[in-house]
There are 2 protein chains.
Amino acid sequence: MLDPKRLQALQAVATTGSVREAATQLGYSSSAISQQIAALEVDSGSVLLEPAGRGVRLTPAGELLARHATRIFEQLAQAESELMALNAGQLGSLRLASFASAGAELVPPALAQLHARLPGLDVTLRSEVPEEALALLRRGLIDVAVIEVHDEVGGDGLVYTPLLTDVYRIVLPRGHRLAKRRTVALADAAGETWIRLGNHIGCCRRNTLAAFDRAGFTPTFVIEADEFWPAQGFVAAGMGLALLPSLALGVIRSDVVTRPLRPDAAPSRDVYAVTRPALSDTTAVKTAVAALVDAAQRDVVA
Amino acid sequence: MLDPKRLQALQAVATTGSVREAATQLGYSSSAISQQIAALEVDSGSVLLEPAGRGVRLTPAGELLARHATRIFEQLAQAESELMALNAGQLGSLRLASFASAGAELVPPALAQLHARLPGLDVTLRSEVPEEALALLRRGLIDVAVIEVHDEVGGDGLVYTPLLTDVYRIVLPRGHRLAKRRTVALADAAGETWIRLGNHIGCCRRNTLAAFDRAGFTPTFVIEADEFWPAQGFVAAGMGLALLPSLALGVIRSDVVTRPLRPDAAPSRDVYAVTRPALSDTTAVKTAVAALVDAAQRDVVA
DNA sequence: GTAACTTACGCTTATCGTAACCATA
DNA sequence: TATGGTTACGATAAGCGTAAGTTAC
């Protein structure tokens, strides 16, 4: 295989017309260029340069190689410029997965901001439960995962950025006796019936059960809702009360009300943006995570 | 500028899927590949490889560079294959110049043979006097010159290949007293009148004058012909005799005859194929010169 | 005589391989 | 425990520059 470095020397001679000027252009001595081309002549098995007056001239073989060299270095320059664009987040794609309630409330404004800042980025979003999102992340099929967790995170080689702590609120039918209070102690609702959350909705079920446990009673479940929206419906229908995370309460039925729980007793889930170390320094991922942090901040304030 | 050698390492990892196999493919140790890519990561300012299970995976930046690397090395391979074709004479062009009488008799069969052997070669022919042909050769505007010379040749940095010695013959009107002889001694024609050759026709004029001088008489010129064909006409018209080179006698008028001169007295011109050293080893030029030698051989025999 | 290219030669520097180390399945 | 990747380090060889040699104007 012909050595590109040597081709570059030849190409410089072709464009400048002399060994001396080629050396100047490339920052070498004439000797270096002369030796490069001599080596290239051995490699290619052709005479590439011939004396012409006091200078040199390219042979047909030399012209042919110089022509190709030009194309090769153009290609190389294009690779560099595309890489710059990729590094700047002006090019390429960003694949994101989030759990359902974040995908509805947190992610859309974040992606809007991301798109405003990096219009050239091809952003795709899918909805996945946390474990699946992490698996996809590890397999390189997505670049950023927005997940909910309860335990400590990290130590698994992934990069976690905390977004917000999503506090559970109690959801009551309008006119319920507890609706008069600004905050509700879970123990005061010990006699109520409850809407249970489906097992597949992240870790909400385990989360709420732990809260009942801390409140000192075992709840009576009358029905199971497999999504957050039907859960509100069951509450409105008077079948029972529900504990739902704030992120799932972006839209609240007019015939139900929500109240915060006493802080010490309130269950919560932590929301993180996760990525791989190799991507964590790219502009695309950094901008995306920053946008998520931003959106989370505004969500908490609101 | 990104180092192509390092890009090659990355591309090998991209195609094989592992550092180890890439090393095997390129004939290096794993360590070398790892170091190449580490260096490329510094050059490019991007993470290109990330751990994936027990092996590695390319990042988007890595994929981008690998993609470009593929194109670059394809281009390089194409350059090599075109160069091979050029070296084999299956590609490219061959520009040839010859003096007029060779261009009529010697060159056409040679070029026919050249075309048969190297059909891919783009051959062009122009007619030039020897000095001009040599000047064009030196300036790189032609590749092979077919010239006539009288003095010794060489020592000027060009490569000379002798083709033939073109002997002058005496041209007589049919029925002339000297036409009965098989060979003519120039001294026997001392009393005749002569057709002078134009100054621009190579070196024929000087050549013939020297022959008269050797024969011991000064010829009486009655008219000057600026081409060989009219010279035959003047002879046929009975205006005088002429000395013309054999190569110019490919076509002979029916009302004139030609006879060889006594060997010791016969003037002659030497015909050479000339090229530049840088081209003398190329298949195209070697084949062309060989074809000229071949044609000259057949011409002499005939 | 001068300008340009090439050749010779010593030295710097890049880069490879061996071997030890680390991580993963 | 074995496989694949990376890091450390010594050895090798490629490639540069200086300087002398050669050729053309």
In region B:249-267, residue surrounded by the most Cβ atoms within 10 Å (Cβ to Cβ) [restricted to those that are at pLDDT below 90 and within 23 Å of B:Phe221 (Cα to Cα)]
B:Pro267
Among the numbered criteria (1) surrounded by 14 or more Cβ atoms within 10 Å (Cβ to Cβ); (2) hydrophobic (A, V, I, L, M, F, W, C); (3) more than 8 Å from every other protein chain (Cβ to nearest Cβ); (4) without any contact (Cβ under 8 Å) to a residue 12 or more places away in the chain, which one does A:Ala116 miss?
(1)
Of B:Glu82, B:Glu21, the only residue that is without any contact (Cβ under 8 Å) to a residue 60 or more places away in the chain, within 10 Å of another protein chain (Cβ to nearest Cβ) and in a helix (DSSP H, G or I) is B:Glu82
Determine if region B:126-137 includes at least one residue that is within 14 Å of another protein chain (Cβ to nearest Cβ), over 19 Å from B:Ala211 (Cα atoms) and in contact (Cβ under 8 Å) with a residue 12 or more places away in the chain.
yes
In region B:53-86, what count of residues is obtained for those that are at pLDDT below 95 and under 26 Å from B:Leu136 (Cβ atoms)?
0
List the number of the failed condition for B:Val144; all other conditions in (1) crowded, with 21+ Cβ neighbours inside 10 Å; (2) within 11 Å of another protein chain (Cβ to nearest Cβ); (3) in contact (Cβ under 8 Å) with a residue 40 or more places away in the chain hold.
(2)
Would you pick out the residues in region B:26-42 that are in a helix (DSSP H, G or I) and buried (at least 16 other Cβ atoms within 10 Å of the Cβ)?
B:Leu26, B:Ile33, B:Ser34, B:Gln36, B:Ile37, B:Leu40, B:Glu41
Test each condition in (1) small (Gly, Ala, Ser); (2) facing another protein chain (nearest Cβ under 9 Å); (3) not in a helix (DSSP H, G or I) for B:Ala61 and report the one that comes out false.
(3)
Name the residue, out of A:Ala112, A:Ala104, A:Ala97, that is away from DNA strand D (no atom under 11 Å from the Cβ), assigned by TED's automatic domain parsing to the domain that holds A:Thr275, at pLDDT below 95 and closer than 30 Å to A:Asp299 by Cβ.
A:Ala104
For A:Arg71, are the conditions met, namely being at the interface with another protein chain (Cβ under 9 Å from one of its Cβ atoms) and in contact with a Gly (Cβ under 7 Å, 6 or more places away or on another chain)?
no
Let me confirm something: among A:Ala32, A:Ala61, which residue is of a type in the set (A, V, I, L, M) and within 16 Å of DNA strand D (Cβ to nearest atom)?
A:Ala32
Would you be able to tell me the number of residues in region A:103-125 that are within 27 Å of A:Glu82 (Cα to Cα) and in contact with a strand residue (DSSP E or B) (Cβ under 7 Å, 6 or more places away or on another chain)?
8
Which residue, of B:Ala278, B:Ala211, B:Ala295, B:Ala290, is among the small types (Gly, Ala, Ser) and not assigned by TED's automatic domain parsing to the domain that holds B:Val153?
B:Ala211
A:Arg54: touching a helix residue (DSSP H, G or I) at 6+ places or on another chain (Cβ under 8 Å) and either over 30 Å from A:Ala273 (Cβ atoms) or at the interface with chain B (Cβ under 10 Å from one of its Cβ atoms) (or both), yes or no?
no
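The values are calculated or read from the model by the stated rules, or taken from the named source; none is laboratory data. Nothing here was measured: the structure is a model prediction, and the numbers come from that model. Ideal geometry is used to build each Cβ from the backbone, glycine not excepted, and the neighbour counts take in all protein chains shown.
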